[in-house]
1. Along Cα→Cβ, 7 Å out, is where each label goes; now give me the distance between the ones at residue 252 and residue 361 in nm to one decimal.
2. Using a basic spin-label model with each label point 7 Å from the Cα along Cα→Cβ, how many nm lie between residue 89 and residue 25?
3. Given the pairs 197/231; 231/366; 70/231; 41/70, which span a C-alpha to C-alpha distance of over 30 angstrom in this model?
4. Sorted by packing (mean other beta-carbon atoms within 10 Å per residue), highest first, where do 8-15, 236-243 land?
5. How large is ³J(HN,Hα), in whole Hz, for each residue of region 358-365 in order, when computed from phi with the Karplus curve 6.51 cos²θ - 1.76 cosθ + 1.60 and θ = phi - 60°, using x for Gly and Pro?
6. Run the quick spin-label model on residue 97 and residue 208: label points 7 Å from Cα toward the beta carbon, then report their separation in nm to one decimal.
Amino acid sequence: MDKKLFRSILLIITYAVLLVMVLARLDVIGGVLGTLLAVFKPLIIGFCLAFILNRPCQFFYRLYSRGLDKTPARGAARPLAVLTAYLALILLIVALFSFVLPKLVESIQTFVLNLGGYITNAQNSINHLLEYLHLDIKQLDLSSLNTTLEGVLKNALNILSNLGPRLVEFTTGLVSILITGVLALVFSIYMLSGRDKLLGQCRRLLQAYVPAKVSGPISDVVSLTAATFTKFVTGQCIEACILGSLCTIGMLFIQPDYAPLIGVTVGAAALIPVAGAYIGAIVSAILLLMVSPLKALIFVIFLIILQQVEGSVIYPRVVGTSLGLPGIWVLAAVTVGGSLLGLVGVLISVPIASVIYTLLRRDIHKRLGPPDQA
């Protein structure tokens, strides 16, 4: 038998045996992976934190480098950039808990206090509509909906009012959380401070132990993945902040009492690709519908115009071009990611699909050449 054919058959048999073993012991492998993730949790959290702060840190680094270029303190540009990035994050968190959260709690309190009247008005409007249409339907009773919504909103209000203590109560142990947080913070500081050195060490490690034909493509894939995720995270966060802020300003002229609540709802929903805009619009419109159908209609029209302006004018100028993934594949990625991993899958599916799409497009162009433009 030909040696090459024998090796191919042996390789296929080996892969088949390994696949059967993995499938047969999938629970054990899952337990091992869970243990490894628990062990490396501080490192993973630190990496995520460093990844989020990488772009602000690079921005501050460029500013300090230009300012300290011809001074003896030019070596302090990187530490100052890391310190400034963390101070900006702390100020953002303090502003969130000092200004945004109290206003949000106040809006929810107002809505809860007036919920009974809103439900009664909605019930009367529906019953009048049924009578006007001469529909022989038993009158709708929304008292149970009133009780349910009051319970949900009161629970949400309690969580928001006691968010700090609840964060401690929900942890398995304060000491463990503190240790994990401190280690994650230390890891993230080291990663940001020694960014260039760590990247150089990873490249040398890859070149030393992986053949050149493989290390090159791996480096390209890692660079593409990092750039895509950075672009996606930055874009979604900026879009959510801009849309939520503009929506809050607009709501000051429509229903000032609920401006923070509607703004936070629309902004938080905008973090979800594709479906986020519709989810935020529907939830907010339902809330306003119980207050006033006319104001709900005005809000929907305002939000449609706002999203058009934000998507075609503001977002391209602030964020730049999109990920380059066609709309149908964005929708498919969100659907599959949500089915597999829930909300986490929805958030990470689009950049992952964009990386795969870009790699496939490059490979197809390499094999077949670029498509005809005609």
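1. Inter-label distance under the simple model: 4.1 nm.
2. 3.8 nm
3. Values: 197/231 23 Å; 231/366 25 Å; 70/231 32 Å; 41/70 41 Å.
Exceeds cut-off: 70/231; 41/70.
4. Numbers: 8-15: 10.2, 236-243: 18.4.
Sorting 8-15, 236-243 by mean packing, highest first, produces 236-243, 8-15.
5. 5, 5, 5, 5, 4, 5, 5, 5
6. The two pseudo-label positions are separated by 4.3 nm.
Computed from the coordinates by the stated procedures, all read-outs in this text should not be read as laboratory data. Predicted model only: the values in this text are computed from it and were never measured. A quick note on method: Cβ atoms are made from the backbone with ideal geometry, for glycine too, and the neighbour counts reach across all protein chains shown.
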